[in-house]
1. For a quick protection proxy, order the peptides 4-10, 28-34, 114-120 by their average other-Cβ count within 10 Å, most packed first.
2. Would you mind counting up the charge near residue 71? Only other residues with Cβ under 11 Å from its Cβ, with Lys and Arg at +1 and Asp and Glu at -1.
3. Carbon and sulfur: what percent of the chain's accessible surface (1.4 Å probe)?
4. Here are several values of Cα extents along the principal axes in Å: (1) 67, 40, 28; (2) 38, 37, 33; (3) 64, 29, 26. Which one was derived from the coordinates shown?
5. Nearest-5 percent of antiparallel DSSP beta bridges in the chain?
6. Considering only the other residues whose Cβ falls under 11 Å of the Cβ of residue 10, what net charge follows from Lys and Arg at +1 and Asp and Glu at -1?
7. Count the net charge of all other residues whose Cβ sits under 10 Å from the Cβ of residue 35, scoring Lys and Arg as +1 and Asp and Glu as -1.
8. With every protein chain kept in place and ligands, DNA and RNA left out, what is the accessible area per residue of the range 41-89? Probe 1.4 Å, answer in Å².
Amino acid sequence: MAKVKMGVIGAGGIAYRKTIPGILEAENCELTAVMDVVNVDKIASEFGVKAYTSETDLLDDPDVEAVYIATPANVHYDQIAAAATRKKHVLSEKPITLNTQQTEAAVKVCQDNGVFLQEGYMMKFHGAHK
């Protein structure tokens, strides 16, 4: 089985402590790149991946097939749209967007570009709910 090459946009806090280790443990994913404006070189070095300080640069990386968006919710829609137009699949931290209109637009831009979009809502996947 081929592994999905993942990039993480916003590699702070929870993404650093939980999501990135989860990607590394997943049988069907491979962490390829991280983007953050703070400590990104340290994080990338720790996990042996590419470091970016610009989401555009990460999204333009041909090795990145999908992104996990772990930034503040007020920028999710713009990042989802940017990823989708570059044909990157998207897993977005919750809330996926700020309102229904943005969510509908995010779904449409992903559908129009033939990419997968999912909100990463932790309760469904939480270890207490197996």
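1. Values: 4-10: 24.1, 28-34: 20.0, 114-120: 15.4.
So the peptides 4-10, 28-34, 114-120, ranked by packing, come out 4-10, 28-34, 114-120.
2. Values: positive: none; negative: 36, 55, 78, 93.
Once all neighbours under 11 Å are counted, the net charge is -4.
3. Numbers: 3950 of 7400 Å².
Carbon and sulfur: 53 percent of the exposed surface of the chain.
4. (2)
5. Details: 0 of 21 bridges.
Once the DSSP bridges in the chain are tallied, antiparallel ones form about 0 percent.
6. Details: positive: none; negative: 36, 55, 93.
Local net charge: -3.
7. Numbers: positive: 50; negative: 36, 55, 57, 61.
Once all neighbours under 10 Å are counted, the net charge is -3.
8. Details: 2350 Å² over 49 residues.
Here the residues of the range 41-89 average 48 Å² of exposed surface.
The values are calculated or read from the model by the stated rules, or taken from the named source; none is laboratory data. Bear in mind the structure is a predicted one, so any value in this text is a computation, not a measurement. Cβ sites come from the backbone with ideal geometry, for glycine too, and all protein chains shown count toward neighbours. Calculation scope for accessible area: heavy atoms of the full protein, side chains included, ligands and nucleic acids excluded. Shrake-Rupley method; radii C 1.70, N 1.55, O 1.52, S 1.80 Å.
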